[in-house]
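Below is one structure, written out as structure tokens; the observations come after it.
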Amino acid sequence: GYYQLSVQYFEKALVFNDLHDDAYSVMHAYNTLGLSYLRLKNYQKAVEVFQISNQMAREMGDTGWEALTYGNIGMVYYEQKEYTRAEEHLQYDIETSTQVNGWASACNAAVLMAEMYLEMGLPDKSLVFIELAQSFEDKEPALYLKQFI
């Protein structure tokens, strides 16, 4: 719940190179910074830093992380009720994560898709994604769905 403190910490760590040029640590730091901005409802900044993490993932060839950051950008659009953009990003996360066995990211994206379709008054479409999320959870049980059901 200390998202502002998180933002301050990660911004300082990134500026002062406290991560010692470790590309993976920097990529993860940008993602965590984006999540903090999302919780603070600073959507523009969240997308900006998620895109940095996404670009780093692409440059490093980390397809799973690239998918995850696309899903996080989709989460920003979902919270803003920009459903078309959210759907595009979340679908990319699901498709790409499943290719690299990233079941947790795929599961979370599918749950968001299900919630989005319920909000849109499309329960049949929502059910498809609930079942898809369950299939991902079955592949690698880790309590991902239990927080939503």
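The values are calculated or read from the model by the stated rules, or taken from the named source; none is laboratory data. Quick caveat, the model's predicted, so the values are computed rather than measured. For accessibility, only protein heavy atoms count, side chains too; no ligands or nucleic acids. Shrake-Rupley method; radii C 1.70, N 1.55, O 1.52, S 1.80 Å.
Side notes on the structure shown:
- Straight-line cross-link partners of K12 among the aspartates and glutamates, defined as a Cα under 20 Å from its Cα and at least 8 positions apart when in the same chain: D21, D22, E48.
- In the chain, the DSSP-assigned H stretches of four residues or longer account for a calculated mean residue ellipticity at 222 nm of -26000 deg cm²/dmol, using -39500 (n - 2.57) per stretch and the full residue count as denominator.
- Phi angles of segment 38-55 translate, via the Karplus equation with coefficients 6.51, -1.76, 1.60 and θ = phi - 60°, into HN-Hα couplings of 4, 5, 7, 6, 8, 5, 4, 5, 4, 4, 4, 7, 4, 5, 5, 4, 5, 4 Hz per residue; Gly and Pro are given as x.
- Computed over protein heavy atoms with a 1.4 Å probe, the accessible surface of the chain works out to 55 Å² per residue.
- Note on the chain: GNM, Cα springs under 10 Å; of T98, T84, T69, the largest mean-square fluctuation is that of T84.
- With every protein chain in place, segment 18-70: carbon and sulfur % of accessible area (1.4 Å): 47 percent
- Highest-MSF residue in the chain out of A106, A23, A57 [GNM, Cα springs under 10 Å]: A23
- Remark: the Y43-E82 segment gains 12.9 nm on full extension, using 0.36 nm per residue and subtracting the alpha carbon distance.
- Only one of (1) 34, 18, 12; (2) 27, 17, 13; (3) 45, 15, 12 was calculated from the structure for semi-axes √(5λ) of the Cα gyration tensor in Å, and its label is (2).
- Most mobile listed residue (V15, V100, V111) in the chain, GNM with C-alpha springs under 10 Å: V15
- C-alpha center-to-center spacing [segment 92-113, segment 20-57] in angstrom: 19 Å
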